[in-house]
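**Q** Got a structure for you, written out below as structure tokens; questions coming shortly.
The values are calculated or read from the model by the stated rules, or taken from the named source; none is laboratory data. A quick note: this is a predicted structure, and the numbers were derived from the prediction, not measured. Backbone-built Cβ (ideal geometry, glycine too); neighbour counts: all protein chains shown.
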Amino acid sequence: MPTVTLPGALLDLHAAEKDLWSWPTWATLVRTDHPPWSPEAEENPPEGWDANMVLAVRAFMEKYFNTKAKNRFDFMKRQTDEYSKGRNAWIQWVADTYRTCKVNARVDEILIEANRDPLTVMRAMKTSTLPSATDAVLWAFYEVTIYRVLGPEGLYENRMPKKGPNEFISVLLIHCWERWRKVVKRDQTAMKKKRAEVDRLWKEMSEKTLTKKDLRLFLSTGRVPYATVPPGPALIALGKGARAPRAGAPVA
């Protein structure tokens, strides 16, 4: 079954909760109290847009909602048609907004506070591979994520999530989790390269007669006296105390 994209999920949320943009928490987070295709946006378009772009996004949005739900994923992913201008602008607006307004960072904070960051999860499950969002039981944090990303309006009086917000947050959490998966893989690849370089240089050092001063030089700078091959950037960084980005750190 196709995965709902974030731009599509936000449109679906708008359809379910048309007053979403007036919810204080959400409006403050994304820095606007109206959707970017609204009449208000024609007078004050998002950065880089003009009134014609607003109309193009509105035309795309209307076509999206007139498309059967089962076909919306394919329509959202379509590359070229008469709605391409509005589609591309909307997708870019969502990407830019999530980055500049730090939506992902807010989700990261929630999961880190709940001990669901990658390192904690992998350590608890004794695995070197980041488990799926289902296995990490991210659904248990839908309520708090809705409250802190969308606001209390996304919940019923008993704090049970409303359908539209619940579906949107499920997509957002999976998106953030898969972003973390990329960070984990990148960190692991970087560490493997550093380890291989350390092993190579240590082997070369073991074949030499080194002094304490030589060892201190190696540990502090990554430089090996009399080395036949200069240390690569990874080892130099390691010697200077550099660390790979923390898994789960916000990335654009």
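**Q** Looking only at segment 109-144, count every residue that is in a helix (DSSP H, G or I) and either within 15 Å of the chain's Cα centre (by Cα) or not small (Gly, Ala, Ser) (or both) and tell me the total. Lay out the reasoning, then the answer.
**A** In the first step, residues of segment 109-144 are kept if they are in a helix (DSSP H, G or I); the result is 109-113, 118-125, 138-144.
Of the ones still in play, those that are also either within 15 Å of the chain's Cα centre (by Cα) or not small (Gly, Ala, Ser) (or both) are 109-113, 118-123, 125, 138-139, 141-144.
So the count comes out to 18.
**Q** Checking Asp81 against (1) touching a Phe, Trp or Tyr at 6+ places or on another chain (Cβ under 9 Å); (2) in the same structural domain as Lys182 (by the TED database): exactly one of these is not met. Which one?
**A** Going through the list (1) touching a Phe, Trp or Tyr at 6+ places or on another chain (Cβ under 9 Å); (2) in the same structural domain as Lys182 (by the TED database), Asp81 breaks only (2).
**Q** Filter segment 112-150 for residues that are polar (S, T, N, Q) and more than 30 Å from Ala27 (Cβ to Cβ) and give the result.
**A** Asn115, Thr120, Thr127, Ser128, Thr129, Ser132, Thr134
**Q** Give segment 198-229 a look and list any residue that's of a type in the set (Gly, Ala, Ser) and either surrounded by 13 or more Cβ atoms within 10 Å (Cβ to Cβ) or at pLDDT below 70 (or both), or say none. Let's see the steps before the verdict.
**A** Filtering segment 198-229 down to residues of a type in the set (Gly, Ala, Ser) leaves 206, 220, 222, 227.
Correct list: Gly222, Ala227.
Results for (1) aliphatic (A, V, I, L, M); (2) at pLDDT below 95, shown as yes or no for each residue.
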position	(1), (2)
Ala16	yes, no
Thr28	no, no
Trp37	no, no
Trp49	no, no
Lys63	no, no
Phe73	no, yes
Tyr83	no, no
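**Q** Could you list, in sequence order, all residues of segment 20-37 that are farther than 22 Å from Arg72 by Cβ and in a loop (DSSP other than H, G, I, E, B)?
**A** Across segment 20-37, the qualifying residues are Trp23, Arg31, Thr32, Asp33, His34.
**Q** Related question: Residue under question is Arg179, and the condition is that it be over 25 Å from Asp19 (Cα atoms), in a helix (DSSP H, G or I) and modelled with pLDDT of 70 or more; does it hold? Can you show your working first?
**A** Details: over 25 Å from Asp19 (Cα atoms): yes; in a helix (DSSP H, G or I): yes; modelled with pLDDT of 70 or more: yes.
Yes.
**Q** Taking segment 116-147 as the region of interest, how many residues are among the charged types (D, E, K, R), at negative phi and surrounded by fewer than 16 Cβ atoms within 10 Å (Cβ to Cβ)? Steps first, please.
**A** Keep residues of segment 116-147 that are among the charged types (D, E, K, R), which gives 116-117, 123, 126, 135, 143.
With the extra rule that they be at negative phi, the set shrinks to 116-117, 123, 135, 143.
Pick out the ones that are also surrounded by fewer than 16 Cβ atoms within 10 Å (Cβ to Cβ) and you get 123, 135.
Matching residues across segment 116-147 total 2.
**Q** Just to be sure before I move on: is Ala69 under 30 Å from Phe141 (Cα atoms) and free of Cβ contacts under 8 Å to residues at least 24 places away in the same chain in the structure I sent?
**A** Details: under 30 Å from Phe141 (Cα atoms): yes; free of Cβ contacts under 8 Å to residues at least 24 places away in the same chain: yes.
Yes.
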